[in-house]
């Protein structure tokens, strides 16, 4: 077997798969190591992809030429658009996904990818010579050479699962864990930490009384994640909504001494945004109920995922909790919920290219960087892959800015602020939110992907076609409609009648009129591509707000463009407070703007820095 | 800051009684040891904040002086600070500075002491600006206000508004990020928070809009027909004879501008020639100027002679004044025969009722409110608060017409405007601008 590669990706989860795929696409001979090939792109927790902020990430991965969107579309069994009532920037696509299908489709796709070799095996040691990566040694002792390595170990590094007092040194869902690599990472002088996350019980569908729950079907007419997906995705599976109640909460509180989260068994830091039910009950004591969503694990199984009931309580408490909930009184558990602890890196070890600062050629992506979620992992995977490839090609790194993509926000947050809990993407983290929409992800990123070499001809052709569709519509926006022709639709929508004939542009700007309304009164517009029309509507309707945000971006740009010298000795800059010196020295920000976002660096410190740079003409 | 800066903290322009030399930086104490000695002082056990009487001695310079040591970080700049107070001869003070520079101190740049205080976290940007206001302040009320700015009262008022805006923003964001989990309608608490912020900011803004009353003084015009006693009233207000007073109508031919200080407030007085249509050229010019004076006044006292009957001219003149902020004042109470509808009756010649009239003027101008308002004395402050108010109003007005993510753009820009004001958001231009305006020694 050939032992020489350009790049090695350790771990074939959502980050690893994306990194390996993009490296191979960029013509790098790539080895993808996975502890178990049954665990490739395995969705260990919730059976869905997308959601608020996360749907944006998937769209962006797709726009850059990644694969998560394509595979997600292929494995979708229900699709919904969240936040429809709350404005275009936060419309978030979320798909219920068939987990097995997702895993199988991704595995097959990777197996079928040119330049990519998948191998079942455990990484034991990353070989470094003179500060540069030269290869990886496996647990069996075999050595593979490569000048670039992407670490994407997810939650498998020294992991253990916990259910009550049952504690087991394994990975998620019974997969083996990676027990060899942590020692190596520690020996490399990297800052290793311990995080925690968890998953709820799964229940047999036939034991659930759906009649007393609220049914949630998919929406019709949603776009897909990938611009390459033809036609509609599968959309025939339902989810169900029920609630915890005071009895459920009583059971939890009475058994708190048995909860590993509270009795000291769990040491790792858990996510605030995806708390266990015991944490929710304790933290929000004034709430008398919490939502529980019952979601299918796939189309080929009767297992249902009990979203909202993540727990590490003992098995008997889990049963009692579950049985206290309406519709789940007779639920048969197929898998118990558990908490999982794992080793991860302090993301301050990285710079914004996802390179580990201490070594050349070493990158990391996904949950090892302190994030949580499949989408967050995939987003880092594609960037780490791109930059590992650029390193091999001697090209400068690709830094994706905050005002360009959620991926930029995600990475900048991680490497600048660090994180003390598993980091989840949220739309509120993006200060340029109105620009970072799902409907313009391709317009923001595909041209960049083309330059990077990750967008192939097929995707680029689709992109150009879409741009042409938008242009066609923009060209006829001055077409006017008489008062008479818009009267009916205005009355229907409760919109005030225009005083004279109204152009399509003005029509779409009105708060209560939509693109669909325009199609009703105009065959010409009705004949245009509907998604392109929707895009034009959003751009027009929110023009004023987009302009306001554009101004804010421009204002911030100056600080964003002011790069900081790599070798700046922060420890010796007079006037900087000690804490600021240490933080700046640790993070080594690339720009003044990044420096200003570091927690512990005060505005006055930035002033000192500005004055210092100017004085020394840097 | 490693280098130690030195400057005179008192103006060098005039020979004051006491001159103060200020030194700040790591070596301030070392330098002081070399030049100052006192019998009551052993440098190894020097007590901070204590004034020692002793002798400054270095090179040619030898003089009795006081010395105070402020230990870092409990000093103005947050660094070690030494103050030397000597007899204020210009040449002596300059000599002391020269000696300290010889020993290694560096002459301070304009505003450098305050800049260091800001950089060392001793004050925020708004407070730093307060120092500057203080230096430039005229009149007692203005000084008091500058102190309030320096004390951070502006920051506190802004902080309260910011907290409300933050509440609104958190509500909006949580709805956006948890569309499924968060099903409560947060519209009302959000609107309430925005309204509260708006009210606070408008109070701050309005209190500040007329801040020039405090900083530059109030322009007061006294208007009335000829010979109703305008100049007497002016004199009464000023306690001095400034205008020529005779019984002949039309004696005051020109608008006389004078200023005086009433209860700490600077008053720019404009005594207008009696306004009436006149053929006399000199007087005609005066009449036109008087009309202009009324135009430019912050408040007009409309003076009427209650000893003579109301004339059509008087009614005509009042029409012109009634659109301005004004008080109707009835003069010559002692010989009143034709009472008018008036806010107050006085006797300008004897000064009777003048105090009450001043009370009324202060009330009318809201002086107390303005003087105790959080002062937004600089254009930068006014602009920031105005931007924030406009953004909040846009958010409120469009709340139900646009989606939440748009509302949040306005709410965030309101927050940003205020953050910039207190210096939480750094803009290098602003910082440089502010500190370049300082005088040396502060």
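Fully extending the segment from residue B:160 to residue B:366 would add 71.8 nm, taking 0.36 nm per residue of separation and subtracting the current Cα-Cα distance. Estimated at 0.36 nm per residue, the fully extended path between residue A:27 and residue A:206 surpasses their Cα-Cα distance by 59.6 nm.
Building the convex hull from the alpha-carbon atoms of region B:5-108 and averaging its projection over directions returns 5.9 nm².
Counting, for every residue in A:82-95, the Cβ atoms of other protein chains within 10 Å of its Cβ and taking the mean gives 5.
The calculated 222 nm mean residue ellipticity attributable to helices in chain A amounts to -10500 deg cm²/dmol, summing -39500 (n - 2.57) over DSSP H runs of n ≥ 4 and dividing by all residues.
Take the Cβ atoms of residue B:325 and residue A:529, set R0 to 41 Å, and the FRET efficiency comes out at 0.10. Summary of the geometry: region A:1-64 and region B:78-102, compared by the centres of their Cα atoms, lie 69 Å apart.
A Förster radius of 51 Å, combined with the Cβ-Cβ distance separating residue B:291 from residue B:195, puts the computed FRET efficiency at roughly 0.75. Nearest 5 percent is fine: what portion of the DSSP beta bridges confined to chain A is antiparallel? Taking every DSSP beta bridge within chain A, about 70 percent pair in antiparallel fashion. Using every pair of separate Cα atoms, the Kirkwood estimate puts the hydrodynamic radius of region A:490-570 at 15.7 angstrom. For the protein assembly as shown, the normalised intensity computed at q = 0.06 Å⁻¹ comes to -0.65 (log10 of I(q)/I(0), Debye sum over alpha carbons, equal scatterers, no solvent). The order of the peptides A:426-433, B:318-325 by mean Cβ neighbours within 10 Å, most packed first, is A:426-433, B:318-325.
Counts of other chain beta carbons within 10 angstrom of each beta carbon in peptide A:541-548 average 4. Once the Cβ-Cβ distance of residue A:557 and residue B:26 is raised to the sixth power relative to R0 = 41 Å, the FRET efficiency obtained is 0.65. Between rounded, prolate and oblate, where does region A:184-251 land on the alpha carbon gyration tensor, with a ≥ b ≥ c its root eigenvalues, rounded for a/c under 1.5, else prolate if a/b exceeds b/c? Oblate. Using C-alpha pairs below 8 Å separated by at least 6 residues, the relative contact order for region A:472-545 is 31 percent.
Could you tell me the distance between the Cα centroids of region A:172-187 and region A:548-600, to the nearest Å? About 35 Å separates the Cα centre of region A:172-187 from the one of region A:548-600. Counts of other chain beta carbons within 10 angstrom of each beta carbon in peptide B:408-414 average 5. In this simple spin-label approximation, residue A:330 and residue A:394 carry label points 7 Å from Cα along the Cα→Cβ vector, and these lie 7.2 nm apart. Based on the convex hull around the alpha carbon atoms, region A:325-464 presents an average projected area of 12.4 nm². Label sites at residue B:202 and residue A:246, each approximated as a point 7 angstrom past Cα along Cα to Cβ, lie 4.4 nm apart.
Annotation for region A:80-116 versus region A:270-295: alpha-carbon center distance of 26 Å. For region A:1-153, what does the alpha-carbon gyration tensor say about shape, rounded, prolate or oblate, given a ≥ b ≥ c as the root eigenvalues, a/c under 1.5 as rounded, and a/b over b/c as prolate? Note, shape of region A:1-153 comes out prolate.
The simple spin-label model puts a point 7 Å past each Cα toward its Cβ; for residue A:289 and residue A:169 those points are separated by 4.5 nm. Cβ-to-Cβ counts within 10 Å put B:77, A:143 in ascending order as A:143, B:77, the fewest first. Applying D = kT/(6 pi eta Rh) to chain A, where Rh is the Kirkwood radius over alpha-carbon pairs, T corresponds to 20 °C and eta to 1.002 mPa s, the Stokes-Einstein value obtained is 83 µm²/s. A quarter of the convex hull surface defined by the alpha-carbon atoms of region A:146-272 gives 13.9 nm² as the mean projection. DSSP beta bridges confined to region B:5-108 are antiparallel in about 95 percent of cases. Ordered by the number of other Cβ atoms lying within 10 Å of each residue's own Cβ, fewest first, B:332, A:534, A:25 fall into the sequence A:534, B:332, A:25.
Quick note: the coordinates plus some simple rules give every number you see, no bench work behind them. Small disclaimer: the values here were computed from a predicted structure and weren't measured. In this analysis, Cβ positions are derived from the backbone assuming ideal geometry, glycine residues included, and neighbour counts consider all displayed protein chains.
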